[in-house]
Every structure is written in C-alpha cells, then in structure tokens.
1. Express in nm, to one decimal, how much length is gained between D66 and H44 on full extension, taking 0.36 nm for each residue of separation and deducting their alpha carbon distance.
2. Quote the convex hull volume per residue of the chain, based on C-alpha atoms, as a whole number of Å³.
3. For a footprinting-style exposure proxy, rank M74, M61 by other Cβ within 10 Å, fewest first.
4. Mind listing the long-range amide H neighbours of D2? Cut-off is under 5 Å, sequence gap 5 or more, other chains count too, H placed in the peptide plane at 1.01 Å from N.
5. Give the residue from L3, F25, T52 lying farthest towards the positive end of the charge dipole for segment 2-71; charges sit on Cβ (+1 for Lys and Arg, -1 for Asp and Glu) and the dipole is referred to the Cα centre.
6. Determine the dipole magnitude for segment 30-78: charges of +1 sit on the beta-carbon of Lys and Arg, -1 on that of Asp and Glu, nothing else is charged, the reference point is the Cα centre, and the result goes in debye to the nearest 20.
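Any read-out appearing in this document is the output of simple, stated calculations on the displayed coordinates, not a laboratory observation. Please read all numbers here as calculations on a predicted model, not as lab measurements. Cβ sites come from the backbone with ideal geometry, for glycine too, and all protein chains shown count toward neighbours.
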Amino acid sequence: MDLYCTTCGEPWDLDTLHEVEGESFDSARNRFVIEGCRLFGASHNRPADTETAEKSAALFMLLGDDVDAVASFMEDFQ
Ligand SMILES: [Zn+2]
C-alpha cells in the first residue's frame with residue numbers, strides 16, 4: 001500500500017518508512033507528514049498533484065498515526 005506526499009502527491013510504498021536511516025518508523029512517519037518526498041532525499045513532483053496531496057494531508061490529520069488506515073483510504077480514492 002502507498003502513502004502520498006502531502007506536498008506533491010507522489011506515491012511512496014508504506015514500507016519505505018522502515019528504511020529511513022537513523023529514524024524509527026514512528027519518527028519517519030511524523031516527518032513524512034511534514035516533509036513528504038524530502039524525507040527520502042527526493043524532490044517534490046512539479047507540477048504537483050495537489051488534489052492527491054490535499055487528500056493525503058487531510059487523512060493524516062484525521063487518522064494521525066494509523067498509517068495503514070491512511071494508505072487504505074487513499075487506495076479507495078484512487
Ligand atoms: Zn512530494
């Protein structure tokens with residue numbers, strides 16, 4: 001399942017959060033909500049998919065640390 005960058009809407013596999021060096025999963029998740037692609041050393045897509053990014057940001061706000069639920073809802077939206 002994928003999480004989507006809250007800035008540009010780029011999809012990232014949920015498991016990628018486990019691979020962020022020097023960060024626990026929870027810490028990587030918290031940073032992803034704010035930094036999106038930048039957490040993985042990537043640049044944001046231009047032009048951004050703002051609709052997807054806004055949905056993702058809203059779900060993170062509603063569901064907080066339940067990334068499985070966020071990913072699941074995003075899958076339904078696609
Ligand atoms: Zn991005």
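1. So the chain would gain 5.6 nm between D66 and H44.
2. Considering the Cα atoms of the chain, their hull volume per residue is 71 Å³.
3. Ranking M74, M61 by Cβ neighbours within 10 Å, fewest first, gives M61, M74.
4. Here the answer is L14, since their amide H atoms fall under 5 Å of that of D2.
5. T52
6. 320
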